[in-house]
Structure formats: structure tokens, C-alpha cells
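The values are calculated or read from the model by the stated rules, or taken from the named source; none is laboratory data. Quantities reported herein were computed from a predicted structural model and do not represent experimental measurements. Here the Cβ is made from the backbone with ideal geometry for all residues, glycine too, and neighbour counts use every protein chain on show. Accessible surface is based on the protein model in full, side chains and every heavy atom, while ligands, DNA and RNA are left aside. Shrake-Rupley method; radii C 1.70, N 1.55, O 1.52, S 1.80 Å.
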Amino acid sequence: MSDLRTLAVVGAGNMGSGIAQKMATEGFRVLLVDLNEAQLDRGLAGIKKTLEEGVARKIFRPEQAQAILGRIEKTTDWSALSAAELVVEAVFEDLGVKQEVFRRLGEATKPDCVLGSNTSSFYVRDLAAVTKHPERVVGLHYFYHPAKNRLVEVIPTKHTSKAALAKANAVQAAISKTAITCADAPGFVVNRYFVPWLNEAVRLLDEGVADIATIEAASKDAFGVGMGPFELMNVTGVPIALHAASTLGREFGAFYAPSPRLKAQVESKQNWTLEGAVDASKKQAVADRLLGVTFLVAGALVVEGVGSIEDTDIGARVGLRWPKGPFELMNRLGVEKAAALAAATGKPYALAAPKILAGRTAPFTFRLVETTVEDRVLTLSINRPDALNALNEEVMKQLDQAFDAAAARTDVDTIVIAGKGKAFIAGADIRYFVKRIESKKIDEIVAFTRKGHETLLKFAKARQPVIALLDGLSLGGGSELALACDYIVATKKGSFGFPETGIGIYPGLGGTQRLSRRIGVPLAKSFIYTGNGIGVDAAAKMGLVDRLVDHDHVGTAVKELTAKGKPGVRKTPTTVPVGFEKIAAPFATKSVDAILGGAAGADADEQKQLDRVRQKAPVALRIAEKLIDASASNTLADGVEAELAHLTQIFATADAYEGLSTLGKSKPVFKGS
Ligand SMILES: NC(=O)c1ccc[n+]([C@@H]2O[C@H](COP(=O)([O-])OP(=O)(O)OC[C@H]3O[C@@H](n4cnc5c(N)ncnc54)[C@H](O)[C@@H]3O)[C@@H](O)[C@H]2O)c1
């Protein structure tokens, strides 16, 4: 990542300062540019205040906040920008000002620096047009508060080069943003439906359908949100809503144009008054209209190719914090009903339900595994970034199908498996397990896991080398999936973890078999018993990762490993990887029973490790021990069957339910049964 170390932001206002803060929080050096010292100091004061709030809420330690601030360098000298890999422009929303900034950026930056704009209402292409380097320009639309809201809309123009787009996306992942791709169209994806949603609420008020308190209550119920449209406008600024609606109205016509009531409210310079009694009898009418607007616009933007249904929903979940995106809401309601609501809402404006919705009877299905091919390398990307790409039945089904299709292709030499956003794959959906235990359907967990094994076993059998691209964290099933690949290429953002015994179960997707085949029995036991995470540096040293590279060298690493060909059957090493003797030692000699019985460590470090093991679920530990021991001599196929054979037993334990159902809420208390 050394080549991505310096980023820059031009404009230290509300957005720019927050973007700079996030970049610095994620370890980048950030150049913050504004017109003068006073503006820069104002921006930095804002960052300091947000960081102090973070310290008060224990998100950062004081020294971390200090280090973040220390990575931000304020300057009015544009020549400093020559060090930047990517610049985000976040100056006033004024086309002339922005174009002037882009003209200067084209000259002040190095030849491969990506030039991003945070514009909300202009075409990105109109900014690209004034530079000598339109191929480097891309829209990067962040959401308020940009240090906290994870969403970013990435907007390539038809001139944006592949390299610039790839780098822009790599930086977003590196600063822990969830990126969705949008066409260069007014409102991009999220504001295209969110602004009409706000505007429709004002129309409902204006038409006397309901009062503000009722509209607020109805929208919260229908969308499952914490704040209704009027409260949101109060928080983010009523004039911003008017400005955004005016822009959309100019581009798309009367349906999008601001309600006169919204204009009047801005002229009054007042916030909306939220108080009042809720009239329950009017809530349905309000909900229908707000849902209708959402469906009408979300459908239209997908038909126009502005965004995909997946990205439209991710945008709502991540950017707006709606529990469900527009298309999931359509499915929940029934697509026929959704189409009727969209048509009814559009009727006064002579807008019909969008083609994707009209006459539809089947629910929408979401593409959770994307296939892309470049230069004979096929990449399967898991696309559930807001769920950290957790594996559920639908993801596994789509992965299996996509893998079969990939393996059958004669025009690809390599299959890469990757995760979108900040995670590679964060294990399996825990809620899925909890629900199945509660409904006494453990057999479904076994069937799901068996199918998962079948998919993972295909990786070794495919003609092409299969490579896991560990460009983010992996846990549990995600780490196991990586291990099932022929090779693992990691970046600094990668990590492994086997936390299962701490939640009452054992790694059941090959982890007890394939980890030991990579690093030997005692070290595998150490990680599976303690649940200690494995950073990529250590992983590379112990042979768990085949190549540790920065973002820009992933392609080269993939090519090198492809040239090596399939690695063949891995045999469990009998020696401990050099440098890890100490953490493996207690597990070479001590059984789980001995550890649970209170065996003492040889020194304080060892004692700490053993104490950690004693906090895990005993039944899970004993099964893991048996399975890992067997992995030294059995075939992989037998090992997989052995893992499957204990699933019914483990998921029926009280400890599994305790561990899975308390995850993220409280520390589990294991009883040993
Ligand atoms: N506020 C939001 O919720 C939001 C959300 C998404 C995108 N945006 C977009 O982000 C951009 C910035 O918005 P903001 O709310 O942060 O504005 P702001 O007014 O708070 O900040 C703009 C900053 O840019 C600086 N600036 C102006 N001209 C400059 C120049 N030539 N060189 C260097 N600095 C210059 C100003 O001094 C000021 O500090 C706008 O394009 C806006 O549309 C805003």
C-alpha cells in the first residue's frame, strides 16, 4: 500500500474536512487544501471536535485521535498536491468554482493521480471536460457525515480510464467505504429516490392528506427508519432539500420538482414543527404514497442504467440506514402491489410504473456474486458489503453456480474469489443458525454445510488455479473458504480468524482439515482453540498466505501463481513453521481435557493462551481436537465427512445456542453441554 499513502482533499468545509478525517483515520497522510488559513483552521477545528466526541464515546483513544490529526497537513500551496495518489474536490457547489479547481488539479497533480469530485448536482463529465486529463476524473459522492457514513457513490464518466476507476475503488475500500457504482446522471442513485421521498412528504402535507406528525409516524413504520422525512430535513437543512429537488426537477420534470410548500418553508427560514398528534387512520395513505414514490423512482433509475438493483438497495441500507432497500421493500410487499403503488403515484404526472416493475409477478432476485473477466482472469466477487459478505444460502447457491460456469470456460486461466467492500468474507450468517436451532431444523444447517463443502471441494478440482484475494478481513467460514482455494493472495487489509469455539461450535467448513494441512496440527489447534486472529504478516510467514502484496501488485501475484499451476494435494506438515514454535508448543503436548482440567502453562504467555482456551465451549473444543488430530492422516474427503458427522451434535448443544444467540450482545456462559 506504500503507493497509496498520500491522499488529498480540496475544500475543508463540512464535507471535505470529514472526508479528510476518514482518510487519516484509516492511516493515510492527507493534504487538506483550502483558500486560506482561516478556512483550513475552521475545517481542522471541526475534525478535532468530531474526534473529541469519538474519544468521549470511546471509539478512539486520545492518542489515536492525536495521531489521526497528526496525519492531516493543511496547506494553501497547490504544489504539495504532486505527492497525492488521489484528490477529492469538495469545494462550493458552484460549477465555475469547481471547473477552475479541476483545471488547476490537472496541472498540480502527478500523471496517475485520480481526480475525484464530491459534487451532488453537476455532471462529473462537465468537470472532466475542463481538465487535460478527463481519463483521471471520477465522481466520488460521499454522504454526510462523511467520517461516519460508510457509503460512497463512485461515478465514472465515459472518459474515465479503467486504471483510474480501479484505483478510486481501491482507495474507497482502503478507507472502509462501501462503494456503489452509478452512471453520471442527476442525483446519481441514492438522491434520485431519496429527494423525491422527502418532497413527496411535503406534498402530502400540502395536499392535506396528513399532518407532519402523522407523516413522520407513517414513514417510520413503513420504512423502519428512526427519523421521518421532516426531521431529516431539519437535521440536514431544509434548503439543501429544496436545492436538490430543484436540480432533479430541472432535469426530469414536474414529478421531481419541489413542492411549493417546500419553497415556502425555505423562505420562512424555519425548521419544520414536528410535534402533534398522530392520526392513525391516515397512516396507510401516507405509507402508500411514500412507497409508491420510492418504487417509481428506483425502478426508473435501474431501467435507465443509472445503477443496479443491488447497488440501489445497498445505497439505501448503508447511506440512508434503511433496514431494507427499495427492491427488498417491493419484494416484501409483493411486486404486483408495488407496481400498483408506483403507477398510482406517477399517474398525476403521466408517469407509468417502470418497465422493470409493470406486469411483473416474480420477486426480484439479487446478484450476490458478480463475475468479471479481464485479461483471462475471472473474478467472482461476493457483493454483500454491508453484511461483510457473510455467507448465507443464497450467496452459497450463487457462488456454486457462478463457479461452475467459470470453471467450464476455456477462455480464462485463473479464477479469483474476492469480497466487495472492506471484508473478504466475515463467516456465515449467524442469525441463520440461531433461527434453525430455534425452529428445530438443525438438519437444514447440516444440508447447507454439506452443499457448502461440495462447492469448496470444486475449487481444487477445477482446471484453473483458484485464488482467494484476501483484501479484507475474513472470519470463520470466510477463512475456511480462502483455505479451500489453491492459493491465497493477501493485501495488508487481510486477516484470518477462527472464532467458532468461542461461540459454541467448531469450524465446520473444512477449517479443522485445511488449516492443519497448511500450518501443521499444533499451530492449527492453537488458532482454533484460542480463537486468536491471524494478521497477514504472520500468515505470510507461516505459509498461510502465498503472496502478500500491495493493491497495485495483486495482478502480478495472480499471474505468477497462475503460471505455477495447481498446487496438488497438500500434506499436513509435521514441523511447526519457524517463528511460531512458542504459540504452538502447549498444543503439541496438552490435550483439551488436560487444558480444561487446569493444566498450567510453562510461562506467563503460555498460561494466558491456556486460560483463553478455558473460556471456550468444551464440547466444541473436544470435537475440534478429534477432527484436527485426524487431519494428519486422513484424506480431505474423509475429513470433510467427519466434520459433517458432528454437526447435528454440536448445534443441539445448549452451548451452541448460548454462543450464537449472545454474539455481539453479551459474553456467553458455557456449561459444557
Ligand atoms: N453537505 C452535504 O450534505 C453534502 C453531501 C454530499 C456532497 N456535498 C457536496 O460537497 C461539496 C462541499 O460541500 P460542503 O457542504 O462541504 O460545503 P462548505 O461550504 O461547507 O465547504 C466548501 C469549502 O470549500 C472551500 N473552497 C471554495 N472554493 C475553493 C477553492 N477554489 N479552492 C479551495 N477551497 C475552496 C471553502 O473555503 C469551504 O471551506 C459540494 O459540492 C456539495 O454539493 C455536500
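Conditions tested, residue by residue: (1) within 15 Å of the ligand (Cβ to nearest atom); (2) closer than 17 Å to D311 by Cα; (3) among the hydrophobic types (A, V, I, L, M, F, W, C); (4) in contact (Cβ under 8 Å) with a residue 40 or more places away in the chain.
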| position | (1), (2), (3), (4) |
| --- | --- |
| F122 | yes, no, yes, no |
| A147 | yes, no, yes, yes |
| V171 | no, no, yes, yes |
| T181 | no, yes, no, yes |
Wholly enclosed helices (runs of 4 or more DSSP H) of the range 441-559 bearing at least 1 residues under 30 Å from P618 (Cα atoms), at pLDDT 95 or above and of a type in the set (F, W, Y): 442-461, 521-530
Of all residues in the range 90-120 being near the ligand (Cβ under 10 Å from one of its atoms) and among the hydroxyl-bearing types (S, T, Y), the one that is most open to solvent (accessible area, probe 1.4 Å): S120
Subset of the range 635-670 (residues that are assigned to a helix (DSSP H, G or I), open to solvent by 20 Å² or more (accessible area, probe 1.4 Å) and closer than 15 Å to A624 by Cβ): A642, A645, Q649
Lone unmet requirement of (1) touching a Leu at 6+ places or on another chain (Cβ under 6 Å); (2) open to solvent by 20 Å² or more (accessible area, probe 1.4 Å) for R436: (1)
Evaluation of K283 against (1) open to solvent by 30 Å² or more (accessible area, probe 1.4 Å); (2) not in a helix (DSSP H, G or I) (one fails), failing number: (2)
Single residue of the range 214-240 satisfying the filter (open to solvent by 10 Å² or more (accessible area, probe 1.4 Å) and not in a helix (DSSP H, G or I)) that is nearest to the ligand (Cβ to nearest atom): G237
Odd one out for V373, checked against (1) farther than 23 Å from G427 by Cβ; (2) within 24 Å of the chain's Cα centre (by Cα); (3) in a loop (DSSP other than H, G, I, E, B): (3)
Extreme residue, nearest to N118 (Cα to Cα), among residues of the range 1-59 that are in contact with a Leu (Cβ under 8 Å, 6 or more places away or on another chain), more than 14 Å from the ligand (Cβ to nearest atom) and open to solvent by 20 Å² or more (accessible area, probe 1.4 Å): R29
Residues (open to solvent by less than 70 Å² (accessible area, probe 1.4 Å) and of a type in the set (D, E, K, R)) located in the range 60-80: none
The range 466-484, residues that are open to solvent by 10 Å² or more (accessible area, probe 1.4 Å), touching a strand residue (DSSP E or B) at 6+ places or on another chain (Cβ under 6 Å) and over 17 Å from G531 (Cβ atoms): L469
